[in-house]
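Take a look at the structure set out below.
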Amino acid sequence: MIGLLVILLIVLALFGMPLFTVMGTIALALFHREGINISSVAVSMYTLAGSPLLVAIPLFTFAGYLFAHSRTPDRLVRLSRALFPGGLAVVALVSCAVFTAFTGASGVTIIAMGGLLLPALLKDGYNRRFNLGLLTASGSLGLLFPPSLPLILYGYVATVSIDDLFLAGLLPGIFLVVVLSLYGLWRGRRDNVVRERMSFRKIASAMRDAAWEVPLPFLVLGGIYSGIITVMEAAALTALYALAVEVLIYRDIPLRKLPGIVQESMTLVGGILVILACALGLTNYLIDAQIPMQLLGWMQQYLTSKHVFLLLLNVFLLIVGCLMDIFSALIVVVPLIVPVATGFGVDPVHLGIIFLTNLEIGYLTPPVGLNLFISSYRFNEPVIALYTASVPFLLLLLAALFVITYLPAISLVLVRLAGS
Amino acid sequence: MSAAIGGIVVLLAVIRTILIRRRLLEGLFRFLGSLELAAAALLLGLMVTLGGLQIVLRNFFHGGILWADPVMRHSVLWIGCLGASLATCRLQHITIDVFTRLLPEPVRPFRHAVVHLATATAAFFLGLAALGLVAEERAFGEIAFGVFSTWMLQLILPFAFLLISYRSLVNLMTGAGDRPPLSTTEGTEP
């Protein structure tokens, strides 16, 4: 009976039934079958009010939406353009990565930065197809950089130290940007695009323009790494700072637009948190029933090597990444995978980086990667055009993923250095 | 008891649908909507202010507000619940939804109806579960912080889920359909 219900719910989910209702209903049914009062599901929901870490989610999301609605993307591109003379492709990659780290939700980057960058890239002489692929790939680049929400959410769900994750994401994140930048440089050379000379006047002028935004990453990351502020306080600081800078100083956002921004950001927050609330009940049940351990035992019968396990994990996560958005994928899959991966000797911090890199790539994997649809919508191009445009980027990212997966040191070296 | 609650949710949804169709009391509902938004904005403002204050107090005065932490944590719960019911209104819940794109246009209203009905039913049962929690907690009588008992703070859970159930029913009866791919499109345009 319960099997039938689960199948029905999965079919409904594939047709767009909200994920939280799917999780919630399965949890209710499982508890009911065990003869446990269904209010236990609600007990798990209430644990949302139990973690200081979750406080970061609404605050960072709000700050991200403030940046997206202001002229920050404009100033960020101008500044990166002055600082990175290697051509606009590199500028696009770097500025999108920074923007994504602070806004978290992947689609926002393509919407906010893409419209700005595409005409500029075309004007500089880059090929249109290359540009579309580049911007689609940039949409999720930067998820590994602190203080990205997916990193925080992984830390919460997997109960891994956020400080460790923030350190672990740095080198792999830079690695991904460098790999794509090298490709961008090569294409730039080949297509003979315009390349600006480095000029201190331009740097100074761009710096002056963005003078209020430049200190923020240093303030937040410096504060967290030095232990002066907690992640929760860093989130409050970022929101306060974004509010002060964009509304009072730059006046990019008039006061009358604030309610709309609150509404948009809180809708996203509600969407994420309600899934988390419902999934907590379900994962509590699964863990009580020792499902992850059974899964591990079953897998160990067929798999003995950690390397083969990692390969299968990558394939599995790529599929998950192109079917689900990053938040629900984290909430649903992490509790099941972490015990299994630990059983195979994978470090949970390294696993987090593998996880997010996979989901990042899943976003641009045809046929259903979310970034492809957002780009198609934003740039008014058929999705098929984006499939072909993103292939080179997809292949490069897959190669980088391979390196990140099989060389745990890239993720762990900074964590170990900080630990010692 | 649960049948009565279900009846009320359905009745309210029917009344609301009739009002929407006849375009009656629009001002009242706009006002209620802005109250909901104001509550979320207030909580967000509270979180920002308390978080900022804590940094200053802890680093410069070696102190802090004792109740700031539980207030901020409960604000997350409340904002999450308010946001989730807003997401139902705006058809912006996170979904997997790989197949809808493949459906031919004439079948889509049917798909919307099934999804709204299933959502309303699921949210109703989740609301009942949350009501059960509140009742148990009330009998227990624990204080969360200040004058607030835990059950009072938990009230948002059944409220939000029943509201989601009601709103999904309204979506069903008004035939609300496809959602835009992303909400951020408005406003980012220059």
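The values are calculated or read from the model by the stated rules, or taken from the named source; none is laboratory data. This structure is a prediction, so every number in the text was calculated from the model and none was measured. Note: ideal-geometry Cβ built from the backbone for every residue, glycine included; neighbour counts use all protein chains shown. Calculation scope for accessible area: heavy atoms of the full protein, side chains included, ligands and nucleic acids excluded. Shrake-Rupley method; radii C 1.70, N 1.55, O 1.52, S 1.80 Å.
I need two numbers for the stretch A:40-96: Rg to one decimal and Dmax as a whole number, Cα atoms only, in Å.
Reported Rg and Dmax, both Å: 18.6, 58.
Give, to the nearest whole percent, the P(r) tail of the stretch A:91-140 beyond 17 angstrom, counting all Cα pairs.
Everything past 17 Å amounts to 24 percent.
What accessible area, summed over both chains, is buried at the A-B interface (1.4 Å probe, Å², nearest 100)?
About 5800 Å² of accessible surface is lost on pairing.
Run lengths n ≥ 4 of DSSP H only: what is the helix-derived mean residue ellipticity at 222 nm for chain B, with -39500 (n - 2.57) per run over all residues, to the nearest 500?
The per-residue figure over chain B is -25000 deg cm²/dmol.
From largest to smallest, what semi-axes in whole angstrom does the stretch A:101-198 give when each is the square root of 5 times an eigenvalue of its alpha carbon gyration tensor?
31, 15, 10
Rounded to the nearest 10 Å², what accessible area does A:I337 have for a 1.4 Å probe in the complete protein model?
Ignoring ligands and nucleic acids, A:I337 comes out at about 20 Å².
Hey, what's the stretch B:1-96 come to in accessible area per residue, 1.4 Å probe, Å²?
Accessible area per residue, the stretch B:1-96: 54 Å².
Going Cα to Cα from A:K202, which lysines come in below 27 Å? Please leave out same-chain ones fewer than 8 positions away.
Candidates past the 8-residue exclusion: A:K123.
Starting from the Kirkwood radius over alpha-carbon pairs of chain B, derive D by Stokes-Einstein at 4 °C in a medium of 1.567 mPa s and give it in µm² s⁻¹.
Answer from the Stokes-Einstein relation: 68 µm²/s.
Other chains near B:124-137: what is the mean number of their Cβ atoms within 10 Å of each residue's Cβ?
Average neighbour count from other chains, rounded to a whole number: 6.
Run the accessible area of chain A with a 1.4 Å probe and give the carbon-and-sulfur part as a rounded percent.
The C+S portion of the solvent-accessible surface of chain A is 69 percent.
Please give the helix A:128-138 orientation as an angle from the longest Cα principal axis of chain A, in degrees from 0 to 90, rounded to the nearest 10.
Value to nearest ten degrees: 50.
Treating only the Cβ of Lys, Arg, Asp and Glu as charged (+1, +1, -1, -1), what charge dipole size does the stretch B:1-67 show about its Cα centre? Round to the nearest 20 debye.
Dipole size: approximately 280 debye.
From the protein chains alone at 1.4 Å, what is the descending order of accessible area for A:R81, A:R251, largest first?
A:R251, A:R81
If you take each beta carbon of peptide B:52-58 and count the beta carbons of other chains within 10 angstrom, what is the mean?
So the per-residue partner count for this stretch is 4.
With no solvent and one point on each alpha carbon, what is the Debye value of log10 I(q)/I(0) for the protein assembly as shown at q = 0.05, 0.09 Å⁻¹?
Scattering profile of the protein assembly as shown, log10 relative to I(0): -0.21, -0.71.
If N is the number of residues in the stretch B:92-165, what value comes out of its Cα radius of gyration divided by 2.2 N^0.38 Å?
Relative to the rule-of-thumb radius for its length, the stretch B:92-165 sits at 1.59.
So what's the gap between the Cα centers of the stretch A:219-275 and the stretch B:112-140, to the nearest angstrom?
Comparing the Cα centres of the stretch A:219-275 and the stretch B:112-140, I get a distance of 31 Å.
In the neighborhood of A:P392, defined by Cβ-to-Cβ distances under 13 Å, what is the net charge if each Lys or Arg adds +1 and each Asp or Glu adds -1?
With Lys, Arg at +1 and Asp, Glu at -1, the neighbours total +3.
Mind checking the angle between helix A:306-323 and chain A's longest principal axis? C-alpha axes, 0 to 90 degrees, to the nearest 10.
Taking the Cα atoms of chain A, the angle to A:306-323 is about 70 degrees.
With a 1.4 Å probe and all protein chains in place, put A:D252, A:D74, A:D288 in order of accessible area, largest first.
Heavy-atom accessible area, descending, gives A:D288, A:D74, A:D252.
Counting only other chains, what is the mean number of Cβ atoms within 10 angstrom of the Cβ of each residue in peptide A:318-327?
1
In terms of Cα to Cα distance under 14 Å, which aspartates and glutamates are near enough to A:K257, apart from those fewer than 8 places away along the same chain?
A:E246, B:E186, B:E189
What FRET efficiency comes out for A:T47 versus B:M152 if R0 is 22 angstrom and r is the Cβ-Cβ distance? Round to the nearest 0.05.
Computed FRET efficiency for A:T47 and B:M152 comes out at 0.80.
Summing +1 for each Lys or Arg and -1 for each Asp or Glu, what net charge is found among the other residues whose Cβ lies under 14 Å from the Cβ of A:S161?
Every neighbour counted, the sum reads -2.
Could you work out how far helix A:56-69 tilts from the main Cα principal axis of chain A, as a 0 to 90 degree angle to the nearest 10?
30 degrees
Accessible surface of B:S85 in the full protein assembly, 1.4 angstrom probe, to the nearest 10 Å²?
The accessible area of B:S85 comes to roughly 0 Å².
Keeping every protein chain in place, order A:R416, B:R90, A:R256 by accessible area at 1.4 Å, biggest value first, i.e. largest first.
Reading off the accessible areas and sorting them downward yields A:R256, A:R416, B:R90.
Which of the peptides B:67-77, A:377-387, A:53-63 is most tightly packed, and how do the rest follow, judged by the mean count of other Cβ atoms within 10 Å per residue?
Answer by packing, highest mean first, reads A:53-63, B:67-77, A:377-387.
Given a 1.4 Å probe and every protein chain left where it sits, what share in percent of the accessible area of chain B is carbon and sulfur?
Roughly 71 percent, rounded to a whole number.
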